[in-house]
Amino acid sequence: MKRVAVVGAGLGGLSAAIHLAVAGFDVEVFEQAANPGGKAAQRRLGPFRFDTGPSLVTLAEVWDELYAAAGKRREDYFKLLPLDPIAEYFWPRGDRLTAPGTPADLARAFAAKGWAPESATMAWFDQARNLWELAGPLFLRHSLHDGRTWTLGSTWATLFRAGALDAGRTLRQAIAVQFNDPRVRQFFGRYATYNGSDPRKLPATFAMIPWVEYGLGAWAAADGVHAIPRGMHKLATDLGVKFQFSTPVKAIVHEKGWVEGLRIKREQVPFDAVVSNADVGPTYRLLSEGGRLSGGQSRWRNRYRKGEPSSSGVVFLWGMDTSFPELGLHNVFFSPDSEAEFRSIFEVKNVPIDPTVYVNITSKITPGDAPPGQENWFVLVNAPHDPGPRRIVDPWTLERLKEATLRRIEANLGRIVRSHIVQEAILTPADLETATGSPGGSLYGLASHRPMAAFDRHPNRAPGFRGLYLCGGSVHPGGGMPLAVLSGRIAADLATRDLRPVQRTHGPS
């Protein structure tokens, strides 16, 4: 039985481990943290529990397929609750929208407020659905750097209609053509942040994101998002996958392009293949520690270094001693000036002065996450990635940001919030980098600002190396929970095809 190592127990690494175990390999996962989950982690403050990463679940069928591949039912490992409404939205001048869970209902809600005709919103979703149906299956489920993908008829069907991908204009431009109302423009423009990008630069291809949420459905994890990696870890364990937690990998060992194993502490552990769930940058650092990189092997590393990182965030975890019935599970408080907000994040590289604020309150659906009559607030403000050594997010900036965040929420709710905070922790981009290894706390690898950004992320089969595969949010198909899970599936499929007897005489393929 051939042995495969997985570096990192994030969602992509867990997915790869499960698929490899199903394929019959001996799989061992090495994770620097004490628990599985990667960015989908959790934290406790006194009686309060918080998810500290993703919060909204889309493309639930991705997990159904994962468990079905192992002959299991996802419901036996974790449960998902469909959301309708999906979120509460607040604008600075007092406007509010409870966003229902389907395109038609959202269109009616906009029309009832006089913000956009139903026909305009439905036309927007029709275009978004067409983008999804054209690019989604190819983009999400296949390696775009594997020769077999180019033998599929669907690949060429997509390429022949490449003009329909709307990559020649930005998401901001597409929204401006369709909608006049600034609130609707801000509503749809925020979806650029779902992959850490700027709507002024993100290709309009990504207008498919709101279709995924409203057209295909949105869910919450019944016991918090951390229940998802816990369930995946249990499935992997049931399949015989071995896990080594609190065990950082020191190097990916290779010679003349052949991956030979890992260095754990001072010991070299041999493996027939390695799947790295670490971000691209840290993966190449592990490779540099494990052997000399050739010019060709360094090309992708250098390309990644020169790319524009996606955004990071500052997170406030607040345990509240009272409840706020006017809020839901997901809540968005918009900035009065989104142009200045995105300019600050992506051009000036500073924390916005008056940011958009996202508040997730899982105790709304999981009462055990907070004491009775109290709530757990996960509060996120988008921020630039922060590579150091002189940190963008210093103590003074944090204090100013906290005050701006509280003012924004209190102004919309018309009540005092700050006096009800009884537990607090703060996560900066530097903290996110330490916890997850993402350079500068960048949440999604590189920003998707190039016209064909959806199709040119780092390959899942590492160029110039035999036996090395990559998964996770910094590689194809991109960031977000379902995409990370699919990246693990793609990496495992490539490894399964490649792991056949070979004559080690000609170097890397």
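The values are calculated or read from the model by the stated rules, or taken from the named source; none is laboratory data. Just so it is clear, the model here is predicted, and its values are computed rather than measured. No Cβ is skipped: glycine too gets one built from the backbone with ideal geometry, and neighbour counts run over all protein chains shown.
Structural remarks
- Condition met for LEU81 (surrounded by fewer than 19 Cβ atoms within 10 Å (Cβ to Cβ) and either at pLDDT below 95 or closer than 14 Å to TRP377 by Cα (or both)): no
- Test: residue in the range 229-238 that is in contact with a strand residue (DSSP E or B) (Cβ under 6 Å, 6 or more places away or on another chain) and surrounded by 23 or more Cβ atoms within 10 Å (Cβ to Cβ): yes
Residues checked against (1) in contact with a Ser or Thr (Cβ under 8 Å, 6 or more places away or on another chain); (2) surrounded by fewer than 23 Cβ atoms within 10 Å (Cβ to Cβ):
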{"residue": "ASN180", "(1), (2)": "no, yes"}
{"residue": "TYR191", "(1), (2)": "no, yes"}
{"residue": "LEU202", "(1), (2)": "yes, no"}
{"residue": "GLY224", "(1), (2)": "yes, no"}
{"residue": "ALA227", "(1), (2)": "no, yes"}
{"residue": "GLY257", "(1), (2)": "yes, yes"}
{"residue": "VAL269", "(1), (2)": "no, yes"}
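- Qualifying position, being in contact with a Ser or Thr (Cβ under 6 Å, 6 or more places away or on another chain), farther than 27 Å from ALA435 by Cβ and not hydroxyl-bearing (Ser, Thr, Tyr), among ALA23, ALA34, ALA69: ALA23
- Matching residues in the range 242-269 - criterion: being closer than 20 Å to ALA9 by Cβ and in contact with a His (Cβ under 8 Å, 6 or more places away or on another chain): PHE243
- Some residue of the range 308-316 being touching a Phe, Trp or Tyr at 6+ places or on another chain (Cβ under 6 Å) and more than 30 Å from PRO47 (Cα to Cα): yes
- Residue ranges of strands (runs of 3 or more DSSP E) in the range 212-256 with at least 1 members over 18 Å from the mean Cα position of the chain (by Cα): 242-244, 249-255
- Members of the range 195-241 found to be more than 15 Å from GLY13 (Cβ to Cβ) and hydroxyl-bearing (Ser, Thr, Tyr), listed by number: SER197, THR205, TYR214
- 3 or more residues free of Cβ contacts under 8 Å to residues at least 60 places away in the same chain and among the basic types (Lys, Arg): qualifying helices (runs of 4 or more DSSP H) within the range 266-344: 295-306
- Any hit, the range 18-38, residues being of a type in the set (Gly, Ala, Ser) and over 25 Å from GLN244 (Cα atoms): no
- Condition check for SER338 on (1) more than 21 Å from PHE90 (Cβ to Cβ); (2) surrounded by 17 or more Cβ atoms within 10 Å (Cβ to Cβ): one failure, at (1).
- The listed residue being more than 18 Å from the chain's Cα centre (by Cα) and closer than 21 Å to TYR444 by Cα, out of ALA68, ALA33, ALA41, ALA23: ALA33
- Which listed residue is buried (at least 19 other Cβ atoms within 10 Å of the Cβ), among the acidic types (Asp, Glu) and either within 17 Å of the chain's Cα centre (by Cα) or part of a helix (DSSP H, G or I) (or both), from GLU433, GLU410, GLU403, GLU399: GLU433
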